[in-house]
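The structure follows.
Readers should treat all values here as calculations from the given coordinates under stated rules, not as data from a laboratory. The structure presented is a predicted model; accordingly, all values stated were derived computationally and were not measured. Reconstructed Cβ throughout: ideal geometry from the backbone, glycine too, with neighbour counts over all protein chains shown.
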Amino acid sequence: MGERIKTLLLLLLFSWGSGTLLSLFTFFGFPVSMLFSIGAIVLGVLFFRKFHKLGLRIAFVALALFFYFMGVLTMAVAEYARQQQDGAGASALLILQNII
């Protein structure tokens, strides 16, 4: 049972890291974005070396994509709210700041 929990936690950690790095890749310019891209590739290679089961690899890719979309959505909402000076945009920014 302990090994399954460890595997699940490593799966979540690696996929969260890759998804976050990929979402940061979309919001930064050339020199910095390449570092995020290389970081995501390195995490993917490390995960694929450690886990050889097809199901875990599929779960890694699916969760990384999920975390990527959640990161992009969060950053897009935060950017939109930051650009708004009054009304709903300012309140959305306050909500995001309280969450983070």
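Using 1/(1 + (r/R0)^6) with R0 = 41 angstrom and r between the beta carbons of LEU8 and GLN84, what's the FRET efficiency to the nearest 0.05? Intermediate values should be presented prior to the final figure.
Details: r = 39 Å, r/R0 = 0.96.
Plugging the Cβ-Cβ distance into 1/(1 + (r/R0)^6) gives 0.55.
Under the 0.36 nm per residue contour assumption, what length would be gained going from the current alpha-carbon distance of ILE38 and HIS52 to full extension?
That pair, ILE38 and HIS52, stretches by 2.9 nm at full extension.
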